[in-house]
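Engineer: Provided herewith is a single structure, encoded as structure tokens, for subsequent inquiry.
A short reminder: the numbers here are calculations on the coordinates, not readings from a lab. Bear in mind the structure is a predicted one, so any value in this text is a computation, not a measurement. We place every Cβ from the backbone using ideal geometry, glycine too, and count neighbours over all the protein chains shown.
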Amino acid sequence: MNLYEINEDTLAIIPVNNKQSKVIELEKEFIVEKTPNEIINDSCLFFGSSYTGRHEATKYLIGISYKSPIIIEESRNIIFFPTNSPRIFDCNWISLKNIVDYKRYGDKTIIYFKNNKELILDISYGSLDNQILRAARLDSVTRNKKIS
């Protein structure tokens, strides 16, 4: 598959190699012939902006410019966050709204999604917790902006 737009069912985008990603959705998993960053950028463009524009919006709204969460689509609150710097190969992108819980798993962290899927990530609990808090803050700011 060459074309893929992130949607409400997308749970995570995991790099497979330098040309492919594994996309995990609520009901299925498959390989896309693009990197996670390409999928993120294509999805931002599909919904009317670019990754760079969304990154700048995050910086403007909550002052975060490193490992920034990204609003993919605002009206449906589709926000993804990176597990590492997006410049690093093994950066995974995770959907904020589909997470139910996350816990320490040795020196890794396990994420529990709303469809009972689990994803073990090679990231410390503290680092993942920080990324989730940043994404939740971005979500809160955008929701409050809509109300005002």
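Engineer: Among 84, 98, 17, which one shows the biggest mean-square fluctuation in a GNM of the chain, springs joining Cα atoms closer than 10 Å?
Structural biologist: 17
Engineer: Run the numbers on the stretch 55-131 and let me know its relative contact order in percent, using alpha-carbon pairs under 8 Å that are six or more apart.
Structural biologist: 19 percent
Engineer: What whole-number volume per residue, in cubic angstrom, does the convex hull of the C-alpha atoms of the stretch 1-63 give?
Structural biologist: Residue-normalised Cα hull volume stands at 91 Å³.
Engineer: Pop a pseudo-label 7 angstrom from the Cα along the beta-carbon direction at both residue 140 and residue 87 and give the gap in nm to one decimal.
Structural biologist: Placing both labels 7 Å along Cα→Cβ, they lie 3.0 nm apart.
Engineer: For the chain, what is the calculated [θ] at 222 nm in deg cm²/dmol (nearest 500), taking -39500 (n - 2.57) for each run of four or more DSSP H residues and dividing by its residue count?
Structural biologist: -10000 deg cm²/dmol
Engineer: Now a separate question. Quick one: Cα convex hull volume of the chain, Å³ per residue?
Structural biologist: Taking only Cα atoms, the chain has a hull volume of 103 Å³ per residue.
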